[in-house]
1. Taking N as the number of residues in the range 209-284, what is its Cα Rg relative to 2.2 N^0.38 Å?
2. Just to confirm my numbers, what's the Cα centroid distance between the range 198-271 and the range 167-184 in Å?
3. If you average 1/r over all unlike Cα pairs in the range 80-174 and invert the result, what Kirkwood radius do you get in angstrom?
4. Any idea how far apart Thr149 and Arg132 come out in nm if each label point goes 7 Å out from Cα toward Cβ?
5. Relative contact order of the range 157-214, please, whole-number percent, based on alpha carbon pairs below 8 angstrom and at least 6 residues apart.
Amino acid sequence: MISSVRRVTAVCALSAALTACGTARAPQPVRPAPPVAPSVAPPAAPEPPTLAPGPAGLTPVFSNGPRSHDRTVALTFDADMTADQGPRAAAGERFDNPGLIAALRTLKVPATVFMTGRWAEEYPDQARSIGRDPLFEVANHSYSHYAFTDGCYGLPTVTEARMRADVERAYAAFRRAGVPDPMPYFRFPGGCYDRRALKALVPAGVTAVQWDVVSGDAFATDADAVARQVLDGVRPGSVVVLHCTRSAAPVTERAVRAIVPELRRRGFRFVKVSELIGAAGGRR
């Protein structure tokens with residue numbers, strides 16, 4: 001009897017063991033970890049187009065784009081403020097023109113603003129707003145707005161030894177104001193330059209930008225006359241010089257509101273100076 005019980009117990013034990021083995025989970029294969037994508041730096045922004053050095057290696061000068069069937073025009077605005085005008089600004093004179101910038105945004109007009117370093121110091125919020133808006137590009141108009149030649153509209157002059165430093169000081173003012181990517185373009189105060197000035201700015205690596213259409217908005221009081229002068233002068237590839245200072249150019253906003261729709265009606269497309277220089281392909 002005991003032997004029979006033992007046999008039954010053994011069979012039950014064996015059956016339980018076999019059942020346990022049958023229900024045990026098979027070992028799972030080890031899956032390799034997914035490959036980690038290599039860290040790739042974002043592509044660097046392309047360098048702004050510039051012109052090749054001028055004759056004898058001097059700073060190149062750009063006045064207009066190609067006279068092609070692509071009817072482009074660049075409106076440029078000088079944000080002028082000389083180094084010695086701080087007291088006038090403190091007394092309430094306005095060297096800015098936020099209404100003009102707002103009008104350009106409303107009209108969706110790309111533009112290049114040639115800014116003095118002293119202007120960026122006086123209006124850092126506006127300088128930063130313009131510099132961070134993809135509609136615009138900020139270029140250099142010197143720090144002091146002092147002339148780089150003698151006899152330039154009565155402006156004080158910068159010595160030859162200080163010309164490069166004045167340009168670099170403006171770029172430093174832009175950085176402090178929060179302008180992220182000022183362009184390597186320079187406009188001489190008053191548009192006055194000579195061979196000596198072009199030689200002094202070679203180490204700065206800038207392209208000097210002039211114009212082929214004078215708006216006549218400086219100190220003007222008749223917006224219609226300014227608009228007519230621009231409309232009469234614009235050709236494909238033109239660079240128009242205007243101003244972004246309420247005290248010195250009070251009718252510019254009104255003139256622009258007349259100029260823009262008429263040029264568009266004539267088939268012109270507004271671009272920044274950088275696009276015209278790029279289209280020039282190194283032409284001087």
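The numbers here are math on the coordinates, done by the rules we state, and not lab data. All of these numbers come straight from a predicted model, not from anything done at the bench. For neighbour counting, all protein chains shown are included, and Cβ atoms are generated from backbone atoms with ideal geometry for every residue, glycine included.
1. The value comes to 1.13.
2. Between the Cα centres of the range 198-271 and the range 167-184 lies a distance of 23 Å.
3. Taking the inverse mean of 1/r over all distinct Cα pairs, the range 80-174 comes out at 14.1 Å.
4. Here the modelled spin labels are 4.0 nm apart.
5. Relative contact order, the range 157-214: 46 percent.
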